[in-house]
Amino acid sequence: MDIRFDAITTFIGPNGVGKSAVLRALDWFFNGTAQTLTEEDVWAGAERKQISVEVEFCDLTDLDRTALGKYAAGDVETVRLWRRWEDGTAKLSGHALAYPAFEEVRRLEKAGERTKRYRTLCSEYPELGLPTVRSAAEAEEAMRP
């Protein structure tokens, strides 16, 4: 689920649709530890006992870059961070989103769609000198700095 937050964002809906779950996920992302979650927090039908919350920060200021540290080094304008919990262990990771066209490829869910979009990107921007790829994994490798 993707939610875009503005200066003011309101959640409206009937009971049981996930309003509190979104707020709890954000609270865990910003303030939580591995001990804040248990296996009971994982959806009952999940094959893996894993929780992942992803937050993208846009239009970063110098103050934002300082607060985000290594994740927002240099003059990046956008950074994406993930906090993952699996089997009682939590880990924070992330990366700067330096080139929007690459992020458009990365956001596609299916590997075939990512490969196709990468190939379209190659033909739209030949000046990038991107290599020919056979898979989404190769495309991801080609887009790394």
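Is it true that residue 88 is surrounded by 11 or more Cβ atoms within 10 Å (Cβ to Cβ) and under 27 Å from residue 11 (Cα atoms)?
Taking the combined requirement at face value, the residue does not satisfy it.
Quick check on this structure: which one of 46, 34, 73 is more than 20 Å from residue 107 (Cα to Cα), at pLDDT below 80 and under 18 Å from the mean Cα position of the chain (by Cα)?
Of 46, 34, 73, the one residue that is more than 20 Å from residue 107 (Cα to Cα), at pLDDT below 80 and under 18 Å from the mean Cα position of the chain (by Cα) is 73.
Specify the residue that is nearest to residue 39 (Cα to Cα); the eligible residues are those in segment 104-134 that are of a type outside the set (Lys, Arg) and in contact (Cβ under 8 Å) with a residue 24 or more places away in the chain.
111
Quick one: in segment 96-109, of everything that is under 17 Å from residue 2 (Cβ atoms) and of a type in the set (A, V, I, L, M, F, W, C), which residue is modelled with the lowest pLDDT? Step through it out loud before you land on a result.
Start the filter on segment 96-109 by keeping residues that are under 17 Å from residue 2 (Cβ atoms), which leaves 97, 100, 103-109.
From the residues that got through so far, the ones that are of a type in the set (A, V, I, L, M, F, W, C) too are 97, 105, 108.
Values: 97: 60, 105: 90, 108: 91.
Per the stated criteria, the residue is 97.
Given the options 41, 2, name the one that is under 17 Å from residue 81 (Cα atoms) and modelled with pLDDT under 85. Don't jump to the end; show me each part of the working.
Details: 41 fails: under 17 Å from residue 81 (Cα atoms).
When all the criteria are applied, what remains is 2.
Given the residues 81, 23, which is the only one that is at pLDDT 85 or above and closer than 19 Å to residue 103 by Cα?
Answer to the selection: 81.
Take segment 103-141 and flag every residue that is out of contact with any Ser or Thr (no Cβ under 8 Å at 6 or more places or on another chain) and crowded, with 16+ Cβ neighbours inside 10 Å.
105, 106, 114, 117, 118, 121, 130, 140
If I filter segment 110-145 down to residues being modelled with pLDDT of 90 or more and not in a helix (DSSP H, G or I), which single residue comes out as farthest from residue 76 (Cα to Cα)?
Here the answer is 134.
So is residue 80 under 15 Å from residue 3 (Cβ atoms) and either touching a residue at least 40 places away in the same chain (Cβ under 8 Å) or surrounded by 15 or more Cβ atoms within 10 Å (Cβ to Cβ) (or both) or not?
Numbers: under 15 Å from residue 3 (Cβ atoms): yes; either touching a residue at least 40 places away in the same chain (Cβ under 8 Å) or surrounded by 15 or more Cβ atoms within 10 Å (Cβ to Cβ) (or both): yes.
Yes: the conditions hold for residue 80.
Of the residues that sit in segment 1-60 and are aromatic (Phe, Trp, Tyr) and not in a loop (DSSP other than H, G, I, E, B), which one is surrounded by the fewest Cβ atoms within 10 Å (Cβ to Cβ)?
Filtering first and then ranking leaves 30.
Does residue 86 satisfy being under 15 Å from residue 60 (Cα atoms), acidic (Asp, Glu) and at pLDDT below 85?
In short, no.
Yes or no: segment 84-106 includes at least one residue that is part of a strand (DSSP E or B), in contact with a Leu (Cβ under 6 Å, 6 or more places away or on another chain) and not small (Gly, Ala, Ser).
Yes, because at least one residue in segment 84-106 is part of a strand (DSSP E or B), in contact with a Leu (Cβ under 6 Å, 6 or more places away or on another chain) and not small (Gly, Ala, Ser).
The values are calculated or read from the model by the stated rules, or taken from the named source; none is laboratory data. The structure presented is a predicted model; accordingly, all values stated were derived computationally and were not measured. Virtual Cβ from ideal backbone geometry, glycine too; neighbours counted across all protein chains shown.
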